[in-house]
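The values are calculated or read from the model by the stated rules, or taken from the named source; none is laboratory data. Keep in mind that this is a model prediction, so the values were computed, not measured. Cβ: placed from backbone, ideal geometry, glycine included. Neighbour counts: every protein chain shown. Heads up: the accessible areas ignore ligands, DNA and RNA and are worked out on the full protein's heavy atoms, side chains in. Shrake-Rupley method; radii C 1.70, N 1.55, O 1.52, S 1.80 Å.
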Amino acid sequence: MRKRTQNIIIKSFVFFMLIITLISLTNGKEIEGITNTKVAYITFDDGPSKYTSTILNILDENDVKGTFFMLNNNMIVFKDAVKRMESENHGIGFHGVSHELKELYKTEDSAIEEFKTCSKTFYNITGKTSKLVRIPYGSKPYMLRTVYEKFIEEGFLVWDWTIDTEDWKSTEDQIVSNILYYAREKDEIVILLHENQRTVDCLENIIKILKQRGYEIRPITQDMKPKNFW
């Protein structure tokens, strides 16, 4: 009995030392099936725009990928930006045509028709498709269940967010503070940003802080289960 207890203690100690060694060697990075459980998805709405190129440069310089939910007419105007984000393997999604509630929900089919239009535009520009969508103002409270169900039936992947930075009205410091506050004790976060000058000015700081907090920054992909308000 004593010998068996000693063997258990020895095996436990060896296992403990192995874990410590792996942590030391990987410095918290992913290796051979062992993954960092803290993940952040940085998403950008309302583009592409005059800011897209700079945003892509910042992401590239920091070796991370973002996800872009784009408006139809902006894709038409900024075709080169669309091609670049697709070629650089960022997450690609759509944000509609009108971005106006009255137009979006004029009929039960008007919302989904807007996103079908986006999909066609994206295909015409890149020859690729995407089922990722973000509904203007979120999938709740304005979207009816019947409309939401139409999106699901069509195979669209509806994404909302877990952190609204309120970057449309906040200062750079407030944007970063919002992320830090609402990300506390969360291992997976979806950050909502918009393509504007404030986002550009604080994006690198956001990336650095997320990495310091142990987050791995990834793009949203079409093989993921959507996270939305439903």
task: All but one of (1) in contact (Cβ under 8 Å) with a residue 12 or more places away in the chain; (2) open to solvent by 10 Å² or more (accessible area, probe 1.4 Å); (3) in contact with a helix residue (DSSP H, G or I) (Cβ under 8 Å, 6 or more places away or on another chain) hold for residue 103, so report the exception by its number.
output: (1)
- prompt: Would a scan of segment 121-134 turn up a residue that is in contact (Cβ under 8 Å) with a residue 60 or more places away in the chain and of a type in the set (Lys, Arg)?
  reply: yes
statement: Selection from segment 170-198 of residues assigned to a strand (DSSP E or B), β-branched (Val, Ile, Thr) and either surrounded by fewer than 17 Cβ atoms within 10 Å (Cβ to Cβ) or out of contact with any Phe, Trp or Tyr (no Cβ under 6 Å at 6 or more places or on another chain) (or both) yields 189, 191
task: May I ask you to verify whether residue 141 is under 17 Å from residue 46 (Cβ atoms) and assigned to a loop (DSSP other than H, G, I, E, B)?
output: no
query: Is it true that residue 87 is within 20 Å of residue 156 (Cα to Cα), surrounded by fewer than 19 Cβ atoms within 10 Å (Cβ to Cβ) and among the small types (Gly, Ala, Ser)?
result: no
query: In segment 188-206, how many are charged (D, E, K, R), more than 10 Å from residue 54 (Cβ to Cβ) and in contact with a strand residue (DSSP E or B) (Cβ under 9 Å, 6 or more places away or on another chain)?
result: 1
task: Taking residue 128 as the residue in question, decide whether it is open to solvent by 40 Å² or more (accessible area, probe 1.4 Å) and at pLDDT below 95.
output: no
- prompt: Which fully enclosed helices (runs of 4 or more DSSP H) of segment 1-80 have 3 or more residues being modelled with pLDDT of 50 or more and open to solvent by 90 Å² or more (accessible area, probe 1.4 Å)?
  reply: 2-26
